[in-house]
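Engineer: The structure that follows is given in the form of structure tokens.
The values are calculated or read from the model by the stated rules, or taken from the named source; none is laboratory data. All figures in this text were calculated on a predicted structure; none of them were measured in a lab. A quick note on method: Cβ atoms are made from the backbone with ideal geometry, for glycine too, and the neighbour counts reach across all protein chains shown. For the accessible areas, the whole protein counts, side chains as well, though only heavy atoms, and no ligand, DNA or RNA atoms are used. Shrake-Rupley method; radii C 1.70, N 1.55, O 1.52, S 1.80 Å.
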Amino acid sequence: METKGILSFFVNRNLLDAIPEFLEHSSYDELIEINLVNDSYRFIYNIEEKYFSPVTEGAYRSFYEEAAKYLVHPEDSVRYAEIMDPGTLRDRLEKSEPPGTLEFQFRVKNLEDQWKWVDSIIVSGAVFGLPEGVLHCYIFDIQQIKDRESGKTKVDRGKKIVLDSLTGLPTNRDFFNAAEKLLKETTGEWMMIVIDLEQFKLFNEWYGFETGNKVLARIGAGLSKDAEHCNGLAGYMGNDDFCLMIPVGKLHPEILFKHIRNVLDRYGASFSFLPALGVACSKSDDSVMRLHDKAEMAIANAKGNFKNRIWYFDEAMYNKLENDYKTLAAFQNALGSGEITFFLQPQCDVETGKIVGAEALARWIRKDGSMVMPGDFVPALENYGFIPDLDKFIWDEVAKWCKGCIDKEYPLLPVSVNVSAIDIFTFDVPQYFASLVRQYRIPKHALKIEITESACGEDSDSVRAAVHALRSNGFVVLMDDFGSGYSSLNMLHELNIDVIKLDARFLRFDNTVLEKGLHILESVVYMAKSMGLPTIVEGVETREQKEYLMSLGCQYIQGFYYYRPMPVTEFEALIQNRRNVDLGGFRAKANEEFRLREFLNDTVYSDAMLNNILGPVAIYEWHGEDVDIVRYNQKFYETVDVKNFHHRLNAIQRFMPPEDAAALFRALRKAVGDRMNGASEVMTFSRLDGSFVKFLIHFYLLEDTKEVKRFYGSARDVTEISDLSNHMKLLSKYLSDCVILLIYRHGRVSFQVAAQGLEKEMGLTREKMEAELNSGRFFYRIGKDDRDRITAEIKRSIENRQNYSAQFDMAGAEGKILSLYLKSDFVDEQTSDVKSIISIECRQE
Ligand code: C2E
Ligand code: CA
Ligand code: CA
């Protein structure tokens, strides 16, 4: 009964996908891979000295025949032979419920010649992405359960359970079984807490396995005591994972956290080793597995979050997950059965009202005619990485439709399609568009590419590269939803896009906040203009809004005021009347006189929205020898955060180190000369708390009169980057070949390879070396004798803020033994995250 639970749990939730992960984390005794196509098997894992197993790989059929005869209990062997029969196994797996999985129990011979019950779960390799005909067979020990069922042992709150020898706690299955019993036999509410020590592998590397084991044992003992105190149960899940089930209200997870941290402290563990806790409280129909799963869902939030280490499950997480799964399953069908299509929403010129282009918007039209809006499925597709399926489909459909327009001699209006960040990260988007226009033989200007602004915040390098490739390929790129929160004009400039789309709704473009909202819109429209970028304003619904935008000189609108998104047939009918259409495309009135009103108007600066759009900005005036800051926004004030801010706004060059003052004037002069692109330089400010910040300030000339030159300057904090570059300069004095920075940030140690001259010798790329250093794997390359000594030395030198050097051997490329000389210099600079510079030199002849 208990074992059946494993599979049925997933089936109930229809989350077959979770099986591989589940199996990965459970403690099976054996894992055998069977290949029915070439009749072979191999043991991927088998527990030592437990079962009587023949050789670990060979021909499957003979293994199967032998097992049925000698290894399986005579009473079970017929059933075993039936289920494991290579002739029919594949077929039965296909028809099984849930599909692709089989489960059955039988007795096998152990090394002491006794029969022991095991549970076998067979999973079709397809679930793991393996080729057809490959299966995985997991063997679990269920003897204890059988004993219990037959009354041989009585479970008494888990006391007679076999305990893990290290932690003294019941492990996986025993814990779950005992917990299930508690849950069923009591009425109160229970709290499941999963605990992950995180990075414990690194801990072992640093402090040695012996210490690591001691810590685990201590924590186990502590948790056991904590659980006992409140009549609960503690378990050990292997590695650095623990689990606790206690009555609700008896013990605050915060206290558990402190107990664990105390143990770590006692062993001198660095602050970077912070346990993570996931907490879930039982609902009436929860099984232990379900409860555990919820706690796991909660703990997932703690990954990489070093502020918040305790997370509580809330029902919304679960419902959302289930809904998303349903949506994803239905979406795949919908895509195949023609339920997915696109609507077109015209983009109009405000002066003439004529259509200059359109945006393709995905629509899901169900068989019954009901329509699902993108807001109800696009987020799920994005979250689970399926958005490329939709996007490629829509782009193809749009390209096909464009070709149709050409054939039917309709006016060819450019259509924008949406590109998600995930598209850019998962495949070559520029390449895809290039082949799309080739395949359908349509001109490049038929398609415009809309990239959402938030995408640019994620990995701006990939996005920048994609935008660059698209544009040099001749495609027009639009930045969608500009002003929705992530961007600043700096980024706009860096990305080098063609058109901005502003969503009036993001800018609270409504009548109640008309005054303020419009000011913001205004300044962004002007800003875009000063850069020569055309702007499309989206979400325009009323005549007042339209007229105001017109008065600002904003030229293009996509909104319900003109047209709602419509089926393509309707759009075709519309454009067949040439009077509705303007084939001139998007025009930018580049480089117009920059209007200053919005910057000199205080009401604008008081608005947080503008701060978000522009980032830290200020207006500078340069007259004679002096440069003054005459206006600045809130963000500038907060970011710059310098001593006596208000007293230092006049003649700012006096407060700068001489080389920075020189840089300031250099940038200003250059900005005067290049009005379009402006100029930028890095400058240093000392902060209130004594630390230094470095800003990259980009200046644009606004006004140039006889008395004064006025500039707009946007600032970007580049402290981290420039810090590193300083260190790189420092590094030039090291003659050694490989230089590694040890960085201590947010309570975590990490390594960065700053210079890697030993690729050939070590057989490692810089990326790989960095990854290995950060996972602790790198230290395994060091000979075992030296390893403990080196890691202990590094640890000590960090703690004592000391320099040290060491000589050791390491396995290099092609098994060569390298003789290396390591030198670690402590960086005594409080403002820096880089704590030491480690250089490695190869002293091999
Ligand atoms: P978006 O790209 O910003 O598209 C504009 C959205 O604003 C559309 O919503 C459009 O119907 C709506 N809209 C336009 N003018 C007005 C107006 O005056 N008033 C109001 N209230 N709304 C207006 P829709 O079609 O529901 O699409 C929502 C979002 O879903 C899109 O926002 C886009 O982010 C995403 N999306 C739609 N189709 C696709 C697609 O094929 N691929 C991807 N990756 N995302 C898509
Ligand atoms: Ca869009
Ligand atoms: Ca938009």
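Engineer: How large, in Å, is the range 218-289 by the Kirkwood hydrodynamic radius built from its alpha-carbon pairs?
Structural biologist: Kirkwood radius, the range 218-289: 13.2 Å.
Engineer: Taking only protein heavy atoms and a 1.4 Å probe, what accessible area per residue, in Å², does the range 310-361 have with all protein chains in place?
Structural biologist: Per-residue value: 41 Å².
Engineer: Using only the Cα atoms of the range 350-429, what are the Rg and Dmax in Å?
Structural biologist: According to the Cα coordinates of the range 350-429, Rg and Dmax are 15.0, 43 Å.
Engineer: Structure shown: which of Lys670/Lys694; Lys294/Lys326; Lys258/Lys303; Lys69/Lys109; Lys214/Lys250; Lys354/Lys546 lie over 23 Å apart, alpha-carbon to alpha-carbon?
Structural biologist: Result: Lys214/Lys250 exceed 23 Å.
Engineer: Quick one, can you get me the convex hull of the C-alpha atoms of the range 777-838 expressed as volume per residue in Å³?
Structural biologist: Dividing the Cα hull volume of the range 777-838 by its residue count gives 87 Å³.
Engineer: Once you list every other residue whose beta carbon is under 11 Å from the beta carbon of Glu254, what net charge do they have if Lys and Arg are +1 and Asp and Glu are -1?
Structural biologist: Spelling it out: positives minus negatives among the neighbours equals +3.
Engineer: Follow-up question, since we're still on this one. For the range 327-397, report the convex hull volume of the alpha-carbon atoms normalised per residue, in Å³, without decimals.
Structural biologist: With only Cα atoms used, the range 327-397 gives 104 Å³ per residue.
Engineer: Based only on Cα atoms, what Rg/Rh ratio does the range 300-441 have, Rh being taken as Kirkwood's radius?
Structural biologist: 1.07
Engineer: Now a separate question. From the protein chains alone at 1.4 Å, what is the descending order of accessible area for Thr352, Thr187, largest first?
Structural biologist: Thr187, Thr352
Engineer: Would you mind checking the radius of gyration and Dmax of the range 286-348 based on alpha-carbon positions, in Å?
Structural biologist: 18.5, 59
Engineer: Could you list the square roots of 5 times each eigenvalue of the Cα gyration tensor of the range 366-481, that is, the equivalent ellipsoid semi-axes, sorted largest first and rounded to whole Å?
Structural biologist: Each semi-axis is the square root of five times an eigenvalue, giving 23, 21, 12 Å.
Engineer: Quick check: pseudo-label points 7 Å beyond the Cα along Cα→Cβ at Glu382 and Phe826, how many nm apart are they?
Structural biologist: 4.8 nm
Engineer: Now for a different question. Sorting Trp401, Trp115 by accessible area (1.4 Å probe), largest first, what list results?
Structural biologist: Of Trp401, Trp115, the descending order of accessible area is Trp115, Trp401.
Engineer: With each label point set 7 Å from Cα along the Cα-Cβ vector, what nm distance links Lys768 and Gln807?
Structural biologist: Here the modelled spin labels are 2.8 nm apart.
Engineer: Additional query: Taking a virtual spin label 7 Å from the Cα of Glu409 along the C-beta vector, which residues in the range 431-452 bring their backbone nitrogen under 20 Å of it?
Structural biologist: 442-443
Engineer: Compute the orientation-averaged projected area for the range 367-412 from the convex hull of its Cα atoms and round it to one decimal in nm².
Structural biologist: 4.6 nm²
Engineer: For Lys307 and Asn473 in one chain, what is 0.36 nm times their gap in residues minus the Cα-Cα distance, to one decimal in nm?
Structural biologist: Net length gain for the segment: 55.3 nm.
Engineer: Sticking with this structure for a sec: On full extension of the chain, what length is gained from Lys214 through Ser40, given 0.36 nm per residue of separation minus the C-alpha to C-alpha distance?
Structural biologist: Separation in residues times 0.36 nm, less the Cα-Cα distance, equals 58.4 nm.
Engineer: I'd like to check one number: the per residue accessible area of the range 381-469, probe 1.4 Å, reported in Å² as a whole number.
Structural biologist: Roughly 41 Å² per residue, with all protein chains present.
Engineer: Assuming R0 = 60 Å, what is the FRET efficiency of Met373 and Lys784, from their Cβ-Cβ distance, to the nearest 0.05?
Structural biologist: 0.50
Engineer: Here is a further query. Of Arg801, Arg710, which has the most accessible area and how do the rest follow, probe 1.4 Å?
Structural biologist: Arg801, Arg710
Engineer: Quickly work out the Glu228-to-Lys392 label distance, labels modelled 7 Å from Cα along the C-beta direction, and quote it in nm with one decimal.
Structural biologist: Those two pseudo-labels are separated by 5.9 nm.
Engineer: Roll a 1.4 angstrom probe over the protein heavy atoms and tell me the percent of accessible area of the range 779-820 that is carbon or sulfur.
Structural biologist: 42 percent
Engineer: Sticking with this one: On average, how much area does the Cα convex hull of the range 202-244 cover when viewed from any direction, in nm²?
Structural biologist: Hull-based average projected area comes out at 2.8 nm².
Engineer: Eigenvalues of the Cα gyration tensor times 5, then square-rooted: what semi-axes does that give for the range 226-375, in whole angstrom, largest first?
Structural biologist: That gives 49, 22, 13 Å for the three semi-axes.
Engineer: Let me ask something else about it. Suppose all protein chains stay in the model; what accessible area per residue would a 1.4 Å probe give for the range 223-275, in Å²?
Structural biologist: Here the per-residue accessible area is 45 Å².
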